[in-house]
1. From the phi of every residue in the range 139-145, what ³J(HN,Hα) in whole Hz does the Karplus formula 6.51 cos²θ - 1.76 cosθ + 1.60 yield, where θ is phi - 60° and glycine or proline is x?
2. Check GLY162: other-chain or 5+ apart residues with amide H under 5 Å from its amide H, H built from backbone geometry?
3. Specify the residue with the greatest mean-square fluctuation among GLY20, GLY79, GLY128, computed from a Gaussian network of the chain linking alpha-carbon atoms under 10 Å apart.
4. For the chain, what % of the accessible area comes from carbon and sulfur atoms, probe 1.4 Å?
5. Can you list the HN-Hα couplings for the range 208-222, worked out from phi with the Karplus curve (6.51, -1.76, 1.60; θ = phi - 60°), rounded to whole Hz and with x for Gly and Pro?
6. What does the C-alpha gyration tensor say about the overall shape of the range 140-179? Classify as rounded when a/c is under 1.5, otherwise prolate if a/b is larger than b/c, or oblate.
7. From the helices alone, meaning DSSP H stretches of at least four residues, give me the mean residue ellipticity at 222 nm for the chain, per-run term -39500 (n - 2.57), in deg cm²/dmol to the nearest 500.
8. Can you list the aspartates and glutamates whose alpha carbon is less than 13 Å from that of LYS84, not counting same-chain residues fewer than 8 positions off?
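The values are calculated or read from the model by the stated rules, or taken from the named source; none is laboratory data. Treat the numbers as computed from the prediction; the structure is a model and nothing was measured. Accessible surface is based on the protein model in full, side chains and every heavy atom, while ligands, DNA and RNA are left aside. Shrake-Rupley method; radii C 1.70, N 1.55, O 1.52, S 1.80 Å.
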Amino acid sequence: MNWTVHKIGDGITLESAVVGFAESNCYIFVSDLSKKAVIIDPGTSDPDEIAGIIAEVERLGVTVEQILNTHGHPDHMEGNDLLKREFGAKVAIHELDGLKLTDPDRNASRLLGFDIQVSPADRLLAEGDEVLVGKTALKVVHTPGHSAGAIALVGDGYVFTGDTIFAGSVGRTDLPCSCDEKDIAWEVLMDSIRDKIMVLPDDTILLPGHGPSTTIGHERSHNPYVK
């Protein structure tokens, strides 16, 4: 399993690996001082990939306290239960996507020919909440459009965007579970990107749910959907 190291600032170790049927980015975010960690978007139940995540956590010598889902689609939450069982971590997701974890119809897995469901979340998040990793805070920003309960996690100079925006692209809005207001899902997504993501400084590192990392400034200049 190949892990990519991201340099996002002093005192933080961040690694990512591509996992699952949709090649999603699974992140391990570590506070170096406290040796506390969260796993963001474990979108796989493949035994080898789960073993690879566990092995990397053990190599880092950290304690995983929480598992964070940027939204409730299976390629971002399929590994929740397996890792929760391994680490005793609590699972957190936005309150509008909580039901997606337990319902294959709501999370669109049945539509895709799967039947994926995991346990309910231990914590339901809302706009403005903070997730603490040691003394490092990740701010919860609600970014609906791709999913009704999609969130971004904003830190000091970096942001995890899930499937709201990628390098050179944005999330799809045509899934049945994309947005509660289905006829305006695209407009809702664009509002989230404009009002919640692109207001961050240009040098902010953007860490998406799929594909390579980028920066806010680069997307402002080069992403055709943003331009």
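1. Karplus-based 3J(HN,Hα) across the range 139-145 equals 8, 8, 10, 6, 10, x, x Hz.
2. GLY209
3. GLY128
4. Answer for the chain is 50 percent, counting heavy atoms of protein chains only.
5. Result, ordered by residue: x, x, 9, x, x, 6, 8, 10, 4, x, 5, 5, 4, 8, 10 Hz.
6. oblate
7. -5000 deg cm²/dmol
8. By straight Cα distance, LYS84 reaches ASP41, GLU65, ASP122.
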